[in-house]
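The block underneath contains the structure these notes are about, expressed in structure tokens.
The values are calculated or read from the model by the stated rules, or taken from the named source; none is laboratory data. Bear in mind the structure is a predicted one, so any value in this text is a computation, not a measurement. No Cβ is skipped: glycine too gets one built from the backbone with ideal geometry, and neighbour counts run over all protein chains shown. With ligands, DNA and RNA removed, areas are computed over all heavy atoms of the protein, side chains included. Shrake-Rupley method; radii C 1.70, N 1.55, O 1.52, S 1.80 Å.
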Amino acid sequence: MEHPHKQPNEVEQLKNHLLKKVAWYCMGLHACLVFAFWYAQVELLSVFNVLSVVTWWFGITLLEREQQSLALRIFSLEVTIHSVLVCAVIGTDYGFQFYLWAASCLLLLDTQLKLKQAVVWCAAIIVIFALTYTWFEEPLTYIDYQMFAPYLHLLNVIVCGIPMIYTIGLIREITINQQRDLETLAAHDSLTHLFNRRYAHGLIQQAYKSCINQQQPICVVMADIDHFKQVNDLYGHELGDEVIERVAQCLSQQLNNADIAVRWGGEEFLLVLPNCSQADAQKHLEQLRQSIEAMTFGKGALQVTMSFGLATWQAHCDFEEVLKQADVALYKSKHKGRNTITVAPQVH
């Protein structure tokens, strides 16, 4: 059950805005057909297009009220009836049957309609499209512009194709962007934008396998912001969040592309450094330690430091073992007075 104060779905809002544009386009097209059929002396179709204009205007009103599903069904029904009627009156030479494809596409955009139902209705519309060629071989009315039929046929294919391509193309773009956003949310911590623990496990195992196969060293680091509870108690959680965010940003900026930085929990971070020897890792961490020590927060009122525990990941160790080694080394850094780096002894 949705909460009454839930924020509107941005994707659905964009889709609704897009459908309104298409609806205005179609309403304008029907308005033009009112005069076109009147000029061609097909009064029945002219009058019907007046009703179509009213129908599309009503559908736009429904979209304004966010009744998207009902609007789409009305649009699809109108296009289906309209296409069949025009083909019955003047035949299929003018290409009005191709609007049936647009009607089927509109139904597929109705997310409140179950997929099986949508497929059945769309298939029925496409069957109607195919049957127009046998149902209406002899039109009820022959108009005086038969010589223009091939050109009008081509024009109708283009006119009905443009909104279909435009709508499906933009919805495709919206879907791709939404998928990227969801992937980012699933992989990253919302505050620091570093990898989260769940997602990082797969990356870490892959980095380890790659280094072992290529006989390259790999180091694991546990890092923790010193006295962070006091920061929250004295300065508040808002400044505490700023400290975590900026420290994480500092870590990200000074790591290599292949390195993996993870917010492990609260003010604790995990760094995995592939193709990095213990000596190189120590130098790198010392630079990080100095950079963090030089940072100021709260308009210069606060400085923080960071402690590090470094372990080399041996081929015979699993991740939990090397993580424990780095964690013990971090504890020793805390015990030694913090703001320092401790290297875990290598286990042979």
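Per residue, what accessible area does the chain have, given a 1.4 Å probe and all protein chains present, in Å²?
Accessible area per residue, the chain: 57 Å².
Give me the aspartates and glutamates in straight-line cross-link reach of residue 332: C-alpha distance below 20 Å, same-chain residues under 8 apart excluded.
In chain and number order, the partners are 224, 226, 267, 268, 286, 293, 320, 321.
Taking the Cα atoms of the stretch 91-186, what is the range of coordinates along each of the three principal axes, in descending order and whole Å?
Result for the stretch 91-186: principal-axis Cα extents of 62, 27, 14 Å.
Tally up the carbon and sulfur contribution to the accessible surface of the stretch 264-348 as a whole percent, 1.4 Å probe, everything protein left in place.
Carbon-and-sulfur percentage of accessible area, whole number: 49.
Over the heavy atoms of residue 147, what accessible area does a 1.4 Å probe trace out, to the nearest 10 Å²?
Estimated to the nearest 10 Å², residue 147 gives 120 Å².
With only alpha-carbon atoms counted, please give the Rg and Dmax of the stretch 216-280, in Å.
13.6, 45
Rounded to the nearest 10 degrees, what's the angle between the helix 10-39 long axis and the longest principal axis of the chain, both from Cα atoms, 0 to 90?
The helix 10-39 is inclined about 20 degrees to the chain.
Two-decimal Rg/Rh of the chain from alpha-carbon positions, Kirkwood Rh?
Ratio of gyration radius to Kirkwood radius for the chain: 1.28.
Taking a quarter of the surface of the Cα convex hull of the stretch 161-260, what do you get in nm²?
Mean projected area of the Cα convex hull: 10.4 nm².
So which of 15/116; 229/324; 299/336; 209/229 end up more than 25 Å apart, counting from Cα to Cα?
Beyond 25 Å: 299/336; 209/229.
Rounded to two decimals, what is the ratio between the C-alpha radius of gyration of the stretch 190-348 and 2.2 N^0.38 Å?
1.01
Just how many % of Cα pairs in the stretch 70-139 lie over 20 Å apart, if you round to the nearest whole percent?
26 percent
What do you get for the angle between helix 237-254 and the principal long axis of the chain? Use alpha-carbon atoms, 0 to 90 degrees, nearest ten.
Roughly 90 degrees between the two axes.
For 201, 82, what's the largest-to-smallest order of accessible area, 1.4 Å probe?
In descending accessible area the options line up as 201, 82.
Explain nothing, just the number: dipole magnitude of the chain about its Cα centre with +1 on each Lys and Arg Cβ and -1 on each Asp and Glu Cβ, in debye rounded to the nearest 20.
For this selection, approximately 600 debye.
Please compute the net charge surrounding residue 49, taking Lys and Arg as +1 and Asp and Glu as -1 over other residues with Cβ under 13 Å from its Cβ.
My count for the surroundings of residue 49 gives -2.
Where nothing but the Cβ of Lys and Arg (+1) and of Asp and Glu (-1) is charged, how large is the charge dipole of the stretch 257-348 around its Cα centre, in debye to the nearest 20?
420 debye
Would you mind telling me which residue in 328, 220, 120 has the biggest mean-square fluctuation in a Gaussian network model of the chain, where springs connect alpha carbons within a distance under 10 angstrom?
Looking only at 328, 220, 120, the largest GNM fluctuation is found for 120.
Please list, short to long, the whole-number percent of alpha-carbon pairs of the stretch 6-78 in consecutive 5 angstrom bins beginning at zero.
4, 17, 25, 19, 13, 10, 7, 3, 2, 1, 0
Separation between the residue 155 and residue 258 pseudo-spin-labels, each 7 Å from Cα along Cα→Cβ, expressed in nm?
The two pseudo-label positions are separated by 6.4 nm.
Tell me the carbon and sulfur percent of the accessible area for the stretch 89-205, rounded to whole percent, probe radius 1.4 Å.
Using a 1.4 Å probe with all protein chains present, the stretch 89-205 comes out at 67 percent carbon and sulfur.
Divide by every residue of the chain the summed helix terms, -39500 (n - 2.57) for each DSSP H run of at least 4, and state the resulting mean residue ellipticity at 222 nm, rounded to the nearest 500 deg cm²/dmol.
-22000 deg cm²/dmol
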